[in-house]
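Each remark here refers to the structure printed beneath this line.
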Amino acid sequence: MIQPRSRTVVVLAAGEGKRMKSALPKVLHPLLGRTLVGHVLAAATAAAAERTLVVVGHRAEQVTAHLSEIAPAAVPVLQAEQHGTGHAVRLAMAAAPDATGTVVVLNGDVPLLRPETVTELIEAHESAGAAATVLTAEVADPTGLGRIVRDPAGGLERIVEERDASPEQRRIREINAGIYAFDAAGLRDALGKITTDNDQGEEYLTDAVGLLAAAGAPVGVHVAADVTETLGCNDRVELARLRRLLADRVNEGWMRAGVSILDPATTWIDVTVHLERDAVVDQNTQLYGTSTVGAEATVGPDVTLIDTAVGAGATVLRSHAVQARIGAGASVGPYAYLRPDAQLDERAKVGTFVEVKKSQIGAGAKVPHLSYVGDATIGARANIGAATIFVNYDGVHKSHTTVGESAFVGCDSSLIAPVEIGAGAYVGAGSVVNRDVPPGALAVTRAQQRTVDGWVRSRRPGTAAAAAAERATAGSAAGAGNGPADAGNGQVGAGNGEAAHHHGATDPVPGDTATD
C-alpha cells in the first residue's frame, strides 16, 4: 500500500506565447469555459496537493489577477526574466523551501489533460519510489517536441529538445509531454546542477531528469493512454484544434450520459455547463458558462445561452439568452433576446422578436411577439399584445411596471413606468398608459378615428387605388339595387359602418385589442 506523501504542484505559466500574436498572455486564452491555465489547474486538483505554485512572468499582474478569481489558494511565483523551464521550477522550489514528498510539474498550456491522468502519473511515481517520472506519448508527428531517449534496456536515458537533437534522435516518435512527478529532495539537487550549455542558453527542466538518470537514480516513464491529453498550444491554429478535440470529448460525454445532441459538429458546450438526462440540443447551439438545461428540455437550433438556466421540458428556439432563468415548460423564440435577470416562470411564453430585460414573466403569461419588456413584473396568465413597449427609462432613471394576473394588454400599446395594470384589467390596442389601471378596469387612450369618404377619388385620381375603390363602389351600388330585402340589408350595413367610425374611441371590443 502506498503511504500518503506530501505533494506540491508547480504550474509553468510565465511564457509570452509569441506565436499566438496576441496581447493576451497565452495561458489566458479561453477554451470552452476555462482559460488554458484554468483547465490545467482543474486537472491538478487530482493531486490533492498541500500547495499549488503557479510561475508567472509575461504580464504577471494580469495572470495573477486571473488566478485570484479561479484558484485563490494558488500561490503565484514571479519569473521576471524567463530563462527556461528549469529556472522556473527552481524559483518555485525556492518559494516553497519546506516542500517535501512529491512535486508535480505541469505546463500551463495542456488544457486536455485529465485529472485521472494526473492521478495515474502520481501513483506510478510513488509506487515505484522513483526520483522522477515523466509523462510521455507516442505521436505520429513529433516536430517541435522534446524526444524521449531510452537506454538499451528500455529505461529513460534523457530527454532531448528538438533544436538540440541529432537527425537520428529526431526520428524518435515518443515525446515528452512536459508533465512530471519528482521527489522533492532529488529535484532540488538536480536543479542546482543544471547548466545553460544548449542552443537556447536556458536552464532546461529536462536536464534535471537526465542528471538524475545519469546518477543512477530511478527514473520512470508513464505513457499517456490518450495522446491528445499531452497536446500543447503554441498558436491560434493549435488552439482551434484543441477546441475541436475538447468539444468532441464534451459532446461525447453528454451523449453517453443520456443527452441527445443532434449535430455534434455544430454544438459547442463549455465544460462548466450541466445538462440533465433526455435534454435535446439541436444544431448550431452554443452553451456557455454556468448554463444548465433541464430534463426533456429542447434548446436549438441556433441558440446561444450564457449563464442561463433552462427548466425541465422548456423549449428555446433560435434565441439568445444571457443570465436568464427559463422555467419548466416555458417557451422562448424564435428570435427572442433574454437579457440579464429575465425570468420566465412555468409555462410562460416569450415569442418572436421579443426582448426581455430584468423582468419576471409569470406562470402561463404570454408575450408572443414584437415587444420590449424591461424592468417589469407580469402576473400569471397575463397576455401582452404585439408591439407592446414597457417604457422604463426617462433618460436618467429606470422605473418599474407591474401587470397583474390575467390582465390583457392590447397591441401597439406603451406602458410608461412607473405604472401598474391591475389584475384582470384591459388596455385597449394603441393606448399609451401612464396612470395606474385598477383591477378589472379598461384603459383606452387612443384618439377618435376620422374617416373622409371619397378622399382617394378626389386626391389620388388615376391611381390603382382610385380604380379599385371605383370598382368596389360600383359593386356595392349594384348590390343595393337588387330589391327591398337587399336595400334593407344595405341599411343595416350602413348603420354598422357608422358605428365603426367611432368604435375606437367609445367602446373597444376586447377581442380586437391583442394577439395571442
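Scanning segment 323-351 for residues that are in contact with a Leu (Cβ under 7 Å, 6 or more places away or on another chain) and polar (S, T, N, Q) yields nothing. Restricting segment 203-239 to residues that are charged (D, E, K, R) and touching a residue at least 12 places away in the same chain (Cβ under 8 Å), the residue that is least open to solvent (accessible area, probe 1.4 Å) is Glu229.
Within segment 103-129, the set of residues being over 34 Å from the mean Cα position of the chain (by Cα) and open to solvent by less than 10 Å² (accessible area, probe 1.4 Å) comprises Val103, His125.
Pairs are defined by a Cβ separation below 6 Å, a sequence spacing of at least 6 or placement on different chains, a first member in segment 388-403 that is in a strand (DSSP E or B) and among the polar types (S, T, N, Q), and a second member that is open to solvent by 70 Å² or more (accessible area, probe 1.4 Å) and at pLDDT 95 or above; the pairs so defined are Thr402/Glu420. In segment 240-262, the qualifying residues are those that are open to solvent by less than 40 Å² (accessible area, probe 1.4 Å) and of a type in the set (A, V, I, L, M, F, W, C), and the one that is nearest to Lys18 (Cα to Cα) is Leu242.
In segment 313-349, how many are outside any loop (DSSP other than H, G, I, E, B) and crowded, with 24+ Cβ neighbours inside 10 Å?
Total meeting the criteria: 6.
When residues in segment 250-262 are screened for being touching a strand residue (DSSP E or B) at 6+ places or on another chain (Cβ under 8 Å), part of a loop (DSSP other than H, G, I, E, B) and among the small types (Gly, Ala, Ser), 1 of them pass. Looking only at residues of segment 404-454 that are under 38 Å from the mean Cα position of the chain (by Cα), part of a strand (DSSP E or B) and touching a residue at least 40 places away in the same chain (Cβ under 8 Å), we find that the one that is surrounded by the fewest Cβ atoms within 10 Å (Cβ to Cβ) is Phe408.
Of all residues in segment 263-285, those satisfying the criterion of being surrounded by 19 or more Cβ atoms within 10 Å (Cβ to Cβ) and assigned to a strand (DSSP E or B) are Thr267, Trp268, Ile269, Leu275, Val281, Thr285.
Taken over segment 59-76, the residue count meeting the criterion of being among the hydrophobic types (A, V, I, L, M, F, W, C), in a helix (DSSP H, G or I), in contact (Cβ under 8 Å) with a residue 12 or more places away in the chain and open to solvent by less than 70 Å² (accessible area, probe 1.4 Å) is 3.
The values are calculated or read from the model by the stated rules, or taken from the named source; none is laboratory data. The structure presented is a predicted model; accordingly, all values stated were derived computationally and were not measured. With ideal geometry, Cβ positions are generated from the backbone for all residues, glycine too; neighbour counts draw on all protein chains shown. These area figures cover heavy atoms from the full protein model, side chains too; ligands, DNA and RNA do not enter into them. Shrake-Rupley method; radii C 1.70, N 1.55, O 1.52, S 1.80 Å.
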